[in-house]
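**Q** Let me begin by handing over the structure; questions about it come next.
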Amino acid sequence: MMLTSRTLDEKMLILLRQGKSFFHIGAAGHEAAQIGAGLALTPGLDWAFPYYRDLAFMLAWGTTPKEIMLNFLAKADDPSSAGRQMPQHYGHKSLRIVSQSSPTGTQFLQAAGVAMGARKTGAAEVVYVSSGEGTTSQGDFYEALNWATRDKLPVLFFIQDNAYAISVPRAQQGAGSSVYEMAMGYKSMHRHEVNGLDLLEVNKTVRHCAELARSGMGPSLIVAHTIRLFSHSSSDDQRKYRAQEDLMEDEAADPLKSLAAMLLTRKIATPEQLAELQQAVKEEVDEAAESADIAAEPDPDTIFEHLFAVPVSSDRDNRPPVEGPPVVMVDALNHALAEELAADERMIVYGQDVADSKGGVFTVTKGLSTRFGSSRVFNSPLAESSIIGTAIGLALYGLKPVVEIQFGDYIWTAMMQIRNEVATMRWRSAGAFSCPMVIRVPVGGYIHGGLCHSQNIEGFFAHLPGLYICYPSNAADAKGLLKEAIHQQDPVLFLEHKGLYRQSYAMSPEPGPEFRLPFGAARVVREGSHLTLITWGMLVHKCLQAAQSLAVDGIEAEIIDLRTIYPLDMAAIIQSVTKTGRVLVAHEDTLTAGFGAEIAARIADTAFEHLDAPVRRLAALDSPVPYNSGLEAVMLPQTEEIIKTARELVAF
């Protein structure tokens, strides 16, 4: 395997120079550590989150040389991504190798999440997650150590320390001399520092740590000291920053040469046998490369496949039935969570302060941990990236995480996990893996919350293919959309306006437990003929107030409540625009690059001939949200501004 890994590396560099691929990261020098670790675990039972240098590990785990070459050449049959990702971004569904992406460090929390799933279901599975020592500077690494040690999760953190993070030496990465020292403070963490050039030492250590994990003794950190014989990647030249003497020392310590010398010294093999082995491996790799080279390329027509599990259908009835007494939005959301927790044992709810007796800072989760137990509804550490990263792992494992980010203003530390992991998992793995999860986020102003408790975030996240976005304006829609979100096979960002939680004007009769509101089905809140007001969230109610005032003067405004930002119900928008000929898009987020600009652009593209006036937008001023009441009122859009702009449109 070590020889196969090295020969694959060398062959890929040849193909790179021939222009058949564009990028390469090698495992040369890491082979003994990776194979020692891979052979200590059970592929298909255990889980693996390998990093980009884990070529030899992939072979030890069961990946074939041809599959490696299909990945390197970005072919349609590449089991990692069907050609959608760069080489060495590994994944393999049947072997439980989770699709990996380019961000360094995001894999640690996901691995902890999978381990949480194994622990919750009682499975005797171990999760391997690896990186170089440079990646341990990322905050997600320490957040994952915290989760894993807090809950004694069966995770093996396998750090391959080759002393360089691209060009940055170990001494410039951290305060301690090694990651081993820096992890000293984590209780229940078993720590080992091993010679990564010694396959047997690594194998023995990883086997021991796996046994500890399976027996419930908690996670292990294994720091394997290796060498990097090639430059960081094909885009790097380590001769620019490493001394020649340093490179020569590494060359002399080559684990492949050391293994060959040991075999000869102990008379386990003869020079002739080693030469025959080398030739056989070369032929196998050449054959794999030739077979992969003539394999089919990805079909360009498949570019949109696997963005979502299935296309969303809004054909179902989108009118909430009048079944129960009026309910405020916060209670409707609470009831939706309770009903779904009762119906699906796979569902898990967690976040900051969500457990009783607090029940969430807005009480959306009040009573749930008491009713369903602390194993299904529980508090997380105060770390947003941790919440999302572990939820990815739980979703990968087959559970249904519904997590809460306490305020939209603080979601940004989780942006790497959401943007590069949650939203891309299904697409980048060509459908092999997915993240069916719900991220509940309170958002919005008009509450005197200031600049860090009043933000709207839908415009940012609308840029992310692969993510559904809901933004209800009333209790019935909130319940129906949340239940629909929980049943989705893909990730959903569920935005809840804090200012609507207990408002009487957001109350509505509560739908029964079977009602689910389909995505992409906008609601005509009020019919009209003179202009269309397109809006969502809090602005739905301000538009209603404005429409009532306008009607006194004979101006009938039609109001469209989008309900979901993605998918966007353009059919409902165009139908209304065709009828009225005038459009005002009103939203609470700041004007510049707000989601209203996207709507306006689409109307101009597809309904220009029906317009009798320019498409107008009304939104918050391009400023942070102030705390002072008077300043907040000036910054956020108000009913009077909607009336004024609507009159201007009608008079145009």
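The values are calculated or read from the model by the stated rules, or taken from the named source; none is laboratory data. These numbers come from a predicted model, not from an experiment. A quick note on method: Cβ atoms are made from the backbone with ideal geometry, for glycine too, and the neighbour counts reach across all protein chains shown. Note: accessible area is taken over every heavy atom of the protein model, side chains too, but ligands, DNA and RNA are not part of it. Shrake-Rupley method; radii C 1.70, N 1.55, O 1.52, S 1.80 Å.
**Q** Has the range 549-567 got any residue that is of a type in the set (Asp, Glu), more than 33 Å from the chain's Cα centre (by Cα) and assigned to a strand (DSSP E or B)? Give the derivation first.
**A** Residues of the range 549-567 that are of a type in the set (Asp, Glu), as a first pass: 553, 556, 558, 561.
Subset that is more than 33 Å from the chain's Cα centre (by Cα): 553, 556, 558.
Cutting the leftovers down to assigned to a strand (DSSP E or B) gives us 558.
Among the residues of the range 549-567, at least one is of a type in the set (Asp, Glu), more than 33 Å from the chain's Cα centre (by Cα) and assigned to a strand (DSSP E or B), which makes the answer yes.
**Q** Let me ask you something else. Which one is farthest from the chain's Cα centre (by Cα), of the residues in the range 341-352 that are closer than 18 Å to Ile439 by Cβ and open to solvent by 10 Å² or more (accessible area, probe 1.4 Å)? Outline the logic, then answer.
**A** Taking the range 341-352 as the starting set, the residues that turn out to be closer than 18 Å to Ile439 by Cβ are 341, 344, 346-352.
Next, only the ones that are open to solvent by 10 Å² or more (accessible area, probe 1.4 Å) stay: 344, 346, 352.
Working: Asp344: 23, Arg346: 20, Gln352: 19 Å.
Top of the filtered list is Asp344.
**Q** Could you tell me whether Ile599 is closer than 24 Å to Asp622 by Cβ, open to solvent by less than 10 Å² (accessible area, probe 1.4 Å) and assigned to a helix (DSSP H, G or I)? Can you show your working first?
**A** Details: closer than 24 Å to Asp622 by Cβ: yes; open to solvent by less than 10 Å² (accessible area, probe 1.4 Å): yes; assigned to a helix (DSSP H, G or I): yes.
Considered against the rule, which asks whether it is closer than 24 Å to Asp622 by Cβ, open to solvent by less than 10 Å² (accessible area, probe 1.4 Å) and assigned to a helix (DSSP H, G or I), Ile599 comes out as yes.
**Q** Say we look at the range 292-309 and pick out the residues that are outside any loop (DSSP other than H, G, I, E, B) and either open to solvent by 40 Å² or more (accessible area, probe 1.4 Å) or modelled with pLDDT under 95 (or both); which of these is farthest from Tyr566 (Cα to Cα)? Give the derivation first.
**A** Residues of the range 292-309 outside any loop (DSSP other than H, G, I, E, B): 292-293, 300-302.
Okay, now just the ones that are also either open to solvent by 40 Å² or more (accessible area, probe 1.4 Å) or modelled with pLDDT under 95 (or both), so 293, 300-301.
Values: Asp293: 39, Pro300: 24, Asp301: 22 Å.
Ranking the candidates gives Asp293 first.
**Q** With respect to Leu263, is the statement that it is in a helix (DSSP H, G or I), open to solvent by 60 Å² or more (accessible area, probe 1.4 Å) and out of contact with any Gly (no Cβ under 6 Å at 6 or more places or on another chain) true?
**A** Numbers: in a helix (DSSP H, G or I): yes; open to solvent by 60 Å² or more (accessible area, probe 1.4 Å): no; out of contact with any Gly (no Cβ under 6 Å at 6 or more places or on another chain): yes.
No; evaluated as a whole, the condition is false for this residue.
**Q** Ok, one more. State which residue is nearest to Glu640 (Cα to Cα) when the search covers only the range 535-559 and only residues that are touching a Cys at 6+ places or on another chain (Cβ under 9 Å) and among the aliphatic types (A, V, I, L, M).
**A** Keep residues of the range 535-559 that are touching a Cys at 6+ places or on another chain (Cβ under 9 Å), which gives 535, 557, 559.
From what's left, among the aliphatic types (A, V, I, L, M): 557, 559.
Details: Ala557: 15, Ile559: 16 Å.
Among those residues, the one meeting the criterion is Ala557.
**Q** Could you please let me know if Gly62 is buried (at least 23 other Cβ atoms within 10 Å of the Cβ) and farther than 25 Å from Met189 by Cβ? Lay out the reasoning, then the answer.
**A** Numbers: buried (at least 23 other Cβ atoms within 10 Å of the Cβ): no; farther than 25 Å from Met189 by Cβ: yes.
No: the conditions fail for Gly62.
**Q** Taking the options Lys187, Lys152, name whichever one is among the charged types (D, E, K, R), modelled with pLDDT under 90 and open to solvent by 50 Å² or more (accessible area, probe 1.4 Å).
**A** Working: Lys152 fails: modelled with pLDDT under 90.
Exactly one of Lys187, Lys152 is among the charged types (D, E, K, R), modelled with pLDDT under 90 and open to solvent by 50 Å² or more (accessible area, probe 1.4 Å), namely Lys187.
**Q** Could you grab the pairs with beta carbons closer than 7 Å, sequence gap of 6+ or different chains, first residue in the range 130-150 and more than 17 Å from Ala48 (Cβ to Cβ), second one of a type in the set (D, E, K, R)?
**A** Once the first residue is more than 17 Å from Ala48 (Cβ to Cβ) and sits in the range 130-150, its partners that are of a type in the set (D, E, K, R) give Glu133/Asp161; Glu133/Arg170; Thr149/Lys187.
**Q** Out of the range 498-524, which residues are under 28 Å from the mean Cα position of the chain (by Cα), under 20 Å from Val443 (Cβ atoms) and basic (Lys, Arg)?
**A** Within the range 498-524, just Lys498 meets the criteria.
**Q** Can you pull out the residues in the range 496-505 that are touching a helix residue (DSSP H, G or I) at 6+ places or on another chain (Cβ under 6 Å) and buried (at least 24 other Cβ atoms within 10 Å of the Cβ)?
**A** Leu500
**Q** In addition: Regarding the range 17-28, can at least one residue be identified that is outside any loop (DSSP other than H, G, I, E, B) and surrounded by 20 or more Cβ atoms within 10 Å (Cβ to Cβ)? Outline the logic, then answer.
**A** From the range 17-28, those outside any loop (DSSP other than H, G, I, E, B) are 17; that's our starting set.
From what's left, surrounded by 20 or more Cβ atoms within 10 Å (Cβ to Cβ): none.
The answer is no; no qualifying residue exists.
**Q** Residues to consider are Ile457, Ile447; find the one that is touching a helix residue (DSSP H, G or I) at 6+ places or on another chain (Cβ under 9 Å), open to solvent by 40 Å² or more (accessible area, probe 1.4 Å) and under 26 Å from Tyr627 (Cβ atoms).
**A** Numbers: Ile457 fails: open to solvent by 40 Å² or more (accessible area, probe 1.4 Å).
Of Ile457, Ile447, the one residue that is touching a helix residue (DSSP H, G or I) at 6+ places or on another chain (Cβ under 9 Å), open to solvent by 40 Å² or more (accessible area, probe 1.4 Å) and under 26 Å from Tyr627 (Cβ atoms) is Ile447.
**Q** Which condition number does Asp246 fail, the rest of (1) open to solvent by less than 60 Å² (accessible area, probe 1.4 Å); (2) within 42 Å of the chain's Cα centre (by Cα); (3) under 19 Å from Ala27 (Cβ atoms) being met?
**A** Every condition holds for Asp246 apart from (3).
**Q** Given (1) more than 23 Å from Thr592 (Cα to Cα); (2) in contact with a Pro (Cβ under 8 Å, 6 or more places away or on another chain), where does Ile388 come up short, assuming only one miss?
**A** Result: Ile388 passes all but (2).
**Q** Write out, first by first residue and then by second, each pair whose Cβ atoms fall under 6 Å of each other, whose residues are 6+ apart or on separate chains, and whose first residue, in the range 472-490, is in contact (Cβ under 8 Å) with a residue 24 or more places away in the chain while the second is in a helix (DSSP H, G or I) and surrounded by fewer than 24 Cβ atoms within 10 Å (Cβ to Cβ).
**A** Here the result reads Ile486/Glu340, each pair linking the range 472-490 to a residue that is in a helix (DSSP H, G or I) and surrounded by fewer than 24 Cβ atoms within 10 Å (Cβ to Cβ).
**Q** How do the pairs read when you match residues in the range 194-221 that are free of Cβ contacts under 8 Å to residues at least 12 places away in the same chain with residues anywhere that are surrounded by fewer than 15 Cβ atoms within 10 Å (Cβ to Cβ), using Cβ under 9 Å and keeping only pairs 6 or more apart or on different chains?
**A** Matching pairs, first to second residue: Glu211/Met217; Ser215/Ala124.
**Q** Could you give me the residue pairs with C-beta distances under 7 Å whose first residue belongs to the range 374-390 and is in a helix (DSSP H, G or I), whose second residue is charged (D, E, K, R) wherever it lies, and which are 6+ apart or on separate chains?
**A** Ser385/Asp140; Ser385/Glu143; Ser386/Glu143; Gly389/Asp140
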